[in-house]
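K.L.:
The structure that follows is given in the form of structure tokens.
The values are calculated or read from the model by the stated rules, or taken from the named source; none is laboratory data. Treat the numbers as computed from the prediction; the structure is a model and nothing was measured. All Cβ positions, glycine included, derive from the backbone under ideal geometry; neighbour counts span all protein chains shown. The area values use the complete protein model at the heavy-atom level, side chains included, leaving out ligands, DNA and RNA. Shrake-Rupley method; radii C 1.70, N 1.55, O 1.52, S 1.80 Å.
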Amino acid sequence: MPTPGRRITDRLTGNLAHDTKRLRKVLEPCGDVAFRPFFAPEPVGLPAVLIYSKHNADKALLQREVLETLMIRALRSTPDAEALALVEQGLPVLHVESDSSISTVTDSVLRGNAALIVEGSATALLIMAKKPAARQVAEPSTESVVRGPREAFVEELEKNLNLIRKRLPTERLRVETTRLGKISRSNVVIVWLDGIADNGIVDEVRNRVMSIKIDAVLDSGYLEEFMEDSPFSPFPQIEHTERTDKLASALLEGRVGVLVDGSPYALMAPALLVHFLQSSEDYYERFILATSVRVIRFGALLISLLAPSFYVAITSIHQEMIPIGLALRLAGTREGAPFPVFVEALLMEAAFEILREAGIRLPAPVGQAVSIVGGLVVGEAAVQAGVANPITVVIVALTGISSFALPAYNLAFSLRLLRFPILAISAAMGLPGLAVACMVLLTHLASLRSFGVPYLSPFGPARFGEWKDAVLRAPWWAMLLRPRMARGRTRRIGRHQKPRPPVGN
């Protein structure tokens, strides 16, 4: 139905020739929109026009269910019935809507649906005739696990919502749709569980999504930058996933999900530091194994962030802390070294990052070989040429391998960025500089919020009851309560504007 307040010039008139001319003026320059005039339905015999996209619409369905039905099969109806009602009742299509707005008709056709206009009716029928997505549900490519479900999101929003509904077939699942992007007009969906998610967090997510003004939304990453509390922080404050089970688990914890049509990655908010150190597999294995792996991950986080800085601080400033045997061995390996330890570590770290980025950008069969073999070759060549000593190469390699142990790529990338300034401070000030850098980093983490929830929760503020699913993973029969953020209130952000009304549910 027409939207209240829409300009009268944007509405159909009921004059088929006039309405078709206006639609042709808008759609024909696109080059991939077809207009098919015919008479429908018998015995009324009114002229009609079918408008569809040549590439996105299912032409076989339109031929079989629309044209053949309305042109060949006679419809038994009373002569005085309305023409549009006759057409709609005679279509064997599951999903049919009606609208009198030219802009809505245009948008529907460009999205792959078809529009049917009948002489004498100022309302068009919008027929769901979009081709099914070419890519089927497959295994996750970036979040693989040994044990667990193998379903990942795809680029089709309706299929993604179907995957969520399959895992959470409850009336408490809420789905709210809006459109973003002046040009793309992409469908964006907010999902949450009513009664579990905090209403303040849901409202805040809705406000931030609907206040976004941008030409196009091509991926959920576009929304992530708009929705963050602290956009200049190196740490991610919104989690993303391509796993359907991970999003379902987040909704059960009281978090809110955001999906974008055309993107296989869903956003989850709020996102805390512990969330980026957890994997879906933690909940599918026995709690003893999951807890051990989580402890290893926290250790890998510290190694990937601090190991090169600690090594440089000890070897360049605090040599008295090194045992005699190790000090003599270090002195022997560094004899004739052209660069100080800091420069060696910096060069090796830079080379490792370049190789890692090259391995990501190259095709999959070649990229893995380049990143692994290339690292070995460069490290061996640097040692043979005397540019770096073997211990520096070992430290840098251990640091890089530790970053691979983190489940979240965006958190690992943040630690890689922070590693360089901490390395420089440690080289200049030694262990006191390293301690100051760690204090500044912890202070920054303590000040962060994700939709009003403290980023270091449940450690700061301390909520000991929730530690059972932070570093540790308690057995399922011991986890009886949801996280506190599902029952707390969120902080309002004044920079967000009043939201527009959603398109529909």
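K.L.:
Within the bounds of the stretch 291-302, is there any residue that is farther than 16 Å from L406 by Cα and either open to solvent by 30 Å² or more (accessible area, probe 1.4 Å) or at pLDDT 90 or above (or both)? Before you say what the answer is, go through the steps one by one.
P.N.:
Going residue by residue through the stretch 291-302, those that are farther than 16 Å from L406 by Cα are none.
Taking every residue of the stretch 291-302 in turn, none turns out to be farther than 16 Å from L406 by Cα and either open to solvent by 30 Å² or more (accessible area, probe 1.4 Å) or at pLDDT 90 or above (or both).
K.L.:
In the stretch 106-138, how many are among the hydrophobic types (A, V, I, L, M, F, W, C) and outside any strand (DSSP E or B)?
P.N.:
Let us first name the residues in the stretch 106-138 that are among the hydrophobic types (A, V, I, L, M, F, W, C), namely 109-110, 114-118, 122, 124-129, 133-134, 137-138.
Filter once more, keeping what is outside any strand (DSSP E or B): 109-110, 122, 128-129, 133-134, 137-138.
Result for the stretch 106-138: 9.
K.L.:
Here is a follow-up. Looking at G465, G433 in this structure, which one is in a helix (DSSP H, G or I) and either open to solvent by less than 40 Å² (accessible area, probe 1.4 Å) or at positive phi (or both)? Spell out the reasoning first.
P.N.:
Numbers: G465 fails: either open to solvent by less than 40 Å² (accessible area, probe 1.4 Å) or at positive phi (or both).
G433 is the lone residue from the list that is in a helix (DSSP H, G or I) and either open to solvent by less than 40 Å² (accessible area, probe 1.4 Å) or at positive phi (or both).
K.L.:
Looking at A313, A290, A300 in this structure, which one is closer than 30 Å to P458 by Cβ and touching a Ser or Thr at 6+ places or on another chain (Cβ under 8 Å)? Quick ask: steps written out before the conclusion?
P.N.:
Numbers: A313 fails: closer than 30 Å to P458 by Cβ; A290 fails: touching a Ser or Thr at 6+ places or on another chain (Cβ under 8 Å).
Of A313, A290, A300, the one residue that is closer than 30 Å to P458 by Cβ and touching a Ser or Thr at 6+ places or on another chain (Cβ under 8 Å) is A300.
K.L.:
Within the stretch 213-226, which residues are open to solvent by 10 Å² or more (accessible area, probe 1.4 Å) and part of a loop (DSSP other than H, G, I, E, B)? I'd like the intermediate steps shown before the answer.
P.N.:
We begin by selecting, within the stretch 213-226, every residue open to solvent by 10 Å² or more (accessible area, probe 1.4 Å); these are 213-216, 218-219, 221-222, 224-226.
The answer is K213, I214, D215, A216, L218, D219.
K.L.:
Got a sec? Which of L247, L252 is within 12 Å of the chain's Cα centre (by Cα) and modelled with pLDDT of 90 or more?
P.N.:
Values: L252 fails: within 12 Å of the chain's Cα centre (by Cα).
Result of the check over L247, L252: L247.
K.L.:
Here's another thing I want to ask about it. Got a sec? Which of S233, S186 is more than 17 Å from the chain's Cα centre (by Cα), open to solvent by less than 30 Å² (accessible area, probe 1.4 Å) and more than 26 Å from S144 (Cβ to Cβ)?
P.N.:
On the way: S186 fails: more than 17 Å from the chain's Cα centre (by Cα).
None of the others qualify; the one that does is S233.
K.L.:
Could you list all residues from the stretch 160-174 that are under 19 Å from R243 (Cβ atoms) and not in a loop (DSSP other than H, G, I, E, B)? First the steps, then the outcome.
P.N.:
Taking the stretch 160-174 as the starting set, the residues that turn out to be under 19 Å from R243 (Cβ atoms) are 160-169, 173.
Residues satisfying the conditions are N160, L161, N162, L163, I164, R165, K166, R167, L173.
K.L.:
If you don't mind, another one. Out of E285, E228, which single residue is of a type in the set (D, E) and closer than 25 Å to L168 by Cβ? So that I can check it myself, show each step before the final result.
P.N.:
Values: E228 fails: closer than 25 Å to L168 by Cβ.
The conditions single out E285.
K.L.:
Which of the residues that make up the stretch 378-394 are open to solvent by 40 Å² or more (accessible area, probe 1.4 Å) and assigned to a helix (DSSP H, G or I)? Working first, answer last.
P.N.:
Let us first name the residues in the stretch 378-394 that are open to solvent by 40 Å² or more (accessible area, probe 1.4 Å), namely 378, 380-381, 383-385, 387, 390-391, 394.
Correct list: V378, E380, A381, V383, Q384, A385, P390, I391, V394.
K.L.:
R489: outside any helix (DSSP H, G or I) and at pLDDT below 95, yes or no? Please lay out each step first, then the result.
P.N.:
Details: outside any helix (DSSP H, G or I): yes; at pLDDT below 95: yes.
It is true that R489 is outside any helix (DSSP H, G or I) and at pLDDT below 95.
K.L.:
Checking G148 against (1) within 30 Å of V293 (Cβ to Cβ); (2) assigned to a helix (DSSP H, G or I), which test does it fail?
P.N.:
For G148, the failing item is (2).
K.L.:
Same structure, new question: Go through (1) open to solvent by 40 Å² or more (accessible area, probe 1.4 Å); (2) in contact with a Ser or Thr (Cβ under 7 Å, 6 or more places away or on another chain); (3) at pLDDT below 65 for P92 and report which single condition fails.
P.N.:
It fails just one condition, (3).
K.L.:
Kindly list the number of the only condition in (1) open to solvent by 10 Å² or more (accessible area, probe 1.4 Å); (2) of a type outside the set (G, A, S); (3) touching an Asp or Glu at 6+ places or on another chain (Cβ under 7 Å) that fails for I238.
P.N.:
In the conditions (1) open to solvent by 10 Å² or more (accessible area, probe 1.4 Å); (2) of a type outside the set (G, A, S); (3) touching an Asp or Glu at 6+ places or on another chain (Cβ under 7 Å), I238 misses (1) alone.
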